[in-house]
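The numbers here are math on the coordinates, done by the rules we state, and not lab data. Computed from a predicted structure; not experimentally measured. Here the Cβ is made from the backbone with ideal geometry for all residues, glycine too, and neighbour counts use every protein chain on show.
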Amino acid sequence: MPTDHSLDFRRALVTALNGEASIAALVTKVYGTVVPSGAPYDFVRVGTIDPEQFEATCLNGMEAEFFIHTFAKGSDDVPCRTLAKAVSDFVDGLSLDFSGAHTVAMDWVRSQFVRDTAETGVWHGIITVVVQTSDDF
């Protein structure tokens, strides 16, 4: 039977991103869905994960497309693109084990970059990722 692993998966992903040296060198922190007010730049936020049922032979879990957001200060988009590349390179093909489950597949799909209109000199990267998870048997 399909299982919603979205909360446990997000916790494991945030922990993994915070522990990755190539990302930690570029950010103050990786957050879940909530970034504290006044958090210093540059940072990463893992968005809400909306799961769908995923079933295959001997696999029961979830499938989801979700967004990882990168925020970086700079006069151009280069710092944000550099951060987003580090994140997308890390998550593409990443295997995670968490709370009696594991990733079956995780793939980077695309990245988009926009100037953040809320604060001058901040760029926002939106990384689209698709994941499939399954219960451990």
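What the table shows:
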{"quantity": "Cα-based Rg and Dmax for the chain, where Dmax is the largest Cα-Cα distance (Å)", "calculated": "15.3, 50"}
{"quantity": "Angle in degrees between helix 78-91 and the longest Cα principal axis of the chain, rounded to the nearest 10", "calculated": "10 degrees"}
{"quantity": "Degrees between helix 6-19 axis and first principal axis of the chain (Cα, 0 to 90, nearest 10)", "calculated": "50 degrees"}
{"quantity": "Relative contact order %, region 19-73, counting alpha carbon pairs below 8 Å whose residues are six or more apart", "calculated": "31 percent"}
{"quantity": "Percentage relative contact order, region 1-116, counting C-alpha pairs under 8 Å, at least six apart", "calculated": "23 percent"}
{"quantity": "Max mean-square fluctuation residue, GNM over the chain, Cα-Cα springs under 10 Å, options D97, D76, D107", "calculated": "D76"}
{"quantity": "Efficiency of FRET between A118 and D8 - r from beta-carbon atoms, R0 30 angstrom, step 0.05", "calculated": "0.45"}
{"quantity": "Separation of alpha-carbon centers, region 1-75 and region 88-132, rounded to whole Å", "calculated": "7 Å"}
